[in-house]
Amino acid sequence: MAKKSKREYVWLECSECSGRNYRTSISVAEGVPKLELKKFCRSERKHTVHKIRRK
Ligand SMILES: [Zn+2]
């Protein structure tokens, strides 16, 4: 029997302007990972730190 993977769709939210710019799926089988990613923010037109934001 295949193992059911616990995945959840989350937003990547800009830490500077709180814009939700990216959508991604993460594995929540062992808790929500603390991810901080440098992503391009379209509204600010620069790279900022984006954090996971659950619904
Ligand atoms: Zn931003």
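Structure above, values below:
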{"quantity": "Complete set of residues in region 16-44 that are in contact with a strand residue (DSSP E or B) (Cβ under 9 Å, 6 or more places away or on another chain) and over 16 Å from Lys55 (Cα atoms)", "calculated": "Glu16, Cys17, Ala29, Glu36, Leu37, Lys38, Lys39, Phe40, Cys41, Arg42, Ser43, Glu44"}
{"quantity": "Strands (runs of 3 or more DSSP E) contained entirely in the chain, each with at least 2 residues that are in contact with an Asp or Glu (Cβ under 8 Å, 6 or more places away or on another chain) and in contact (Cβ under 8 Å) with a residue 24 or more places away in the chain", "calculated": "20-27, 46-53"}
{"quantity": "Counted residues, region 7-28 - those being away from the ligand (no atom under 16 Å from the Cβ) and loosely packed, with under 11 Cβ neighbours inside 10 Å", "calculated": "2"}
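No lab work stands behind these numbers, since they all come straight from the coordinates. Worth saying up front: this structure is predicted, and the values here are computed from it rather than measured. Note that we place each Cβ from the backbone using ideal geometry, even for glycine, and neighbour counts take in every protein chain shown.
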